[in-house]
Each structure stands twice: as structure tokens, then as C-alpha cells.
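Asks: I'd like to ask some things about the structure below.
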Amino acid sequence: MVIIPLHERIFCKETVMPHATPTPIEGVHYFQPPEGFCLTGRDGLVDIPWDDLPIPLGEADYHSALESGAPGYDQVGNGIFQALRRNPECANADCYADILQKAYPHIIADIGGEAIMLDAREIELPYLDRKIALLKIMALIEPDNAGLWREIGRTLMEKGSRLEATHLAVQSWYGAEKFMFRALELEPDDPHTCYQYGEIRYMLGHYDQALTLWESLLERCAEAERTRIETRIVAIRAGELPKVPPLDYLTALSVAFERHQDDDLHEAVAIVEDVLADPVFCAQFPLAEVYRFLEQCHLKLNSRPGTPQGRC
């Protein structure tokens, strides 16, 4: 066995507050470590005296730990990663992230690498959710990294703008607001964060706040960006605004998609046509897929027996 000097060993920070009741997570079981349990691994580099923090484990590893009396190094790391990936806001998440940082550098490297890979290309919604979860884990490890909070907020904005996720639009945009606000607290002078936070306030219908944020940027951005921001500012000042907050329109579209699933095509068409009747919203938010959806509804209605052509 390799003997590691005491000062080079990795120890967990002392627990100051009692641990919260574990959050139920599908596929994760919590193992209560025995008194005196110590997590060891990496040929002695890791030596963490454990307290009463419940250990998340996969089902097979949980049953194995029950039989042997305690989980092994790899089982603990895999269990913590699975718990945080499935719910990075679970109870005790900060403690679990702290353990990953101190004892599992290879897992941290994998998290960062996968997040970079997912950022490099257009991805489908499930992968977008995975990217958000990975970024949240990284933010637990680096809570003062404004770039991580900003990227989580930006990714949630992207998710909230996708038509296939309109049923999650409210959750996504308010989540984006929380993370982007934290990024702005950490870097109040960052122009990209300021602009994106203005976009969120605009989306939620707080146009005056968006105006204030964007006006503060005019002297701090490049010419091309300044032109875009000035256009938005002029429109707000002129009262050229959506009739209702844009987020409300996305919510309405989600209802239209539900009505379509229920085969209530007339109601779906009525909702979509009401949304498309707002020229400001249509100009600011490209809706090509919505027009295609509306066309599909009309085709289905016209194909039904007893429906006069052109009357739907």
C-alpha cells in the first residue's frame, strides 16, 4: 500500500448543520453509514471520515452495501453522481458536490467534458436537460462562478423557447430568472448577463425593467449589438409591445398542443389563431413551426366527413 503523508490526504470539511432529510430520487437508495465509517480510495489519497450524511447508491450497490456493511469507494462516487445528475437541487446536494470535488476528480472531469460536448452542437430536449443538470452540479462545486450561473440561465431560456417544451415554459423561464439574477449579483457589470436578464424580464412582461437594463448597456457594447438593443428600446418606448406577456402566449400554445392531442382541433385552431393575431409577438418570436402546426390542424379538419372545405 502507498503511504500518503497526512497533509496530502483529502478530508471532508466539518459538518456544521444537521443534514436534511434525503430527497426521494427514482433509482436511488440512501444508505446510512455505520458509526466510524471512513471513505477511502485512490491508494490512500482519499481518506474521508464520514459523519451521518446518508449515502445515495444505485439499487444493486445499495443491496451490496447492506450485505457487506458499507459501500466501497466507487459505489459511493457513482451513487452521488447519479443522485446529483437526476436532481442537482436535492437535499444535501452541496455536501455531495463537496465530496465529489475532494474525492472524485475523474468524475468532475467527466462532468465538465460532457457539458462542453453538449454545448458544442444543437441538441434535443433530453440532452438539454442533461446539460442543465451537469451545469448545476458544477455550480455546486464553484458557487461563485458567474459564468456557470449565466450558462444555466441561458440554457433554461433556450429550453423555455422550444415549442416541444411549451408545457414547461413557465418553469423554465422563472428558473432562468433565478439563475441569471445570481449571475448578475456575482458580475453586475457583465453586459451579456445584463442583456439576457433583460430578455427574461421582457418575456415575463416586465417591460420597464427590461428597458432600464438595456439602456444601461448602450455605452458598453459593440456597434452591432448596440443597434439591436436600440431597436428593442425604441419599440418599448413607442409602446410596440405584445398584448400579453410573451410567456403567456407560450403557455397558450401548450394548451393548444394538448387540445390537439385530445383531438379537440377546433379549440386548438382557435387558440393558435388568437396567438398569431398579435403582430408584435409574431415579429419578435419566429413561429414557423406554429404555422405548420396550424396547417396540420386545418388539413385534419377538412378531411373529416361533413366538414365543408374551407370552413374550418
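The values are calculated or read from the model by the stated rules, or taken from the named source; none is laboratory data. For clarity, every value in this text was computed on a predicted model and none was experimentally measured. We place every Cβ from the backbone using ideal geometry, glycine too, and count neighbours over all the protein chains shown.
Asks: Give me the residue from the stretch 51-67 that is within 17 Å of ALA91 (Cβ to Cβ) and touching a strand residue (DSSP E or B) at 6+ places or on another chain (Cβ under 8 Å) and, out of that set, surrounded by the fewest Cβ atoms within 10 Å (Cβ to Cβ).
Replies: PRO54
Asks: Within the stretch 196-212, how many residues turn out to be crowded, with 16+ Cβ neighbours inside 10 Å and more than 19 Å from TYR174 (Cβ to Cβ)?
Replies: Total satisfying the criteria: 1.
Asks: So, GLU267, is that one of a type in the set (Asp, Glu) and either part of a helix (DSSP H, G or I) or surrounded by 14 or more Cβ atoms within 10 Å (Cβ to Cβ) (or both) or not?
Replies: Numbers: of a type in the set (Asp, Glu): yes; either part of a helix (DSSP H, G or I) or surrounded by 14 or more Cβ atoms within 10 Å (Cβ to Cβ) (or both): yes.
Yes: the conditions hold for GLU267.
Asks: Could you tell me which numbered condition LEU134 fails, if it satisfies all but one of (1) of a type outside the set (Ser, Thr, Tyr); (2) free of Cβ contacts under 8 Å to residues at least 24 places away in the same chain; (3) buried (at least 23 other Cβ atoms within 10 Å of the Cβ)?
Replies: Going through the list (1) of a type outside the set (Ser, Thr, Tyr); (2) free of Cβ contacts under 8 Å to residues at least 24 places away in the same chain; (3) buried (at least 23 other Cβ atoms within 10 Å of the Cβ), LEU134 breaks only (2).
Asks: Output yes when any residue across the stretch 27-48 is modelled with pLDDT under 95, of a type outside the set (D, E, K, R) and in contact with a Leu (Cβ under 6 Å, 6 or more places away or on another chain), and no when none is.
Replies: yes
Asks: Further question: Return the residue satisfying two criteria in turn: it lies in the stretch 6-20 and is modelled with pLDDT of 50 or more and surrounded by 10 or more Cβ atoms within 10 Å (Cβ to Cβ), and of such residues it is farthest from VAL46 (Cα to Cα).
Replies: By that ranking, first place goes to ALA20.
Asks: So for the stretch 213-232 (the condition being assigned to a loop (DSSP other than H, G, I, E, B), modelled with pLDDT of 95 or more and not hydrophobic (A, V, I, L, M, F, W, C)), does at least one residue qualify? Talk me through it step by step, then tell me what you get.
Replies: Going through the stretch 213-232, the residues assigned to a loop (DSSP other than H, G, I, E, B) turn out to be 216-222.
Adding the requirement that they be modelled with pLDDT of 95 or more leaves none.
No, every residue in the stretch 213-232 fails to be assigned to a loop (DSSP other than H, G, I, E, B), modelled with pLDDT of 95 or more and not hydrophobic (A, V, I, L, M, F, W, C).
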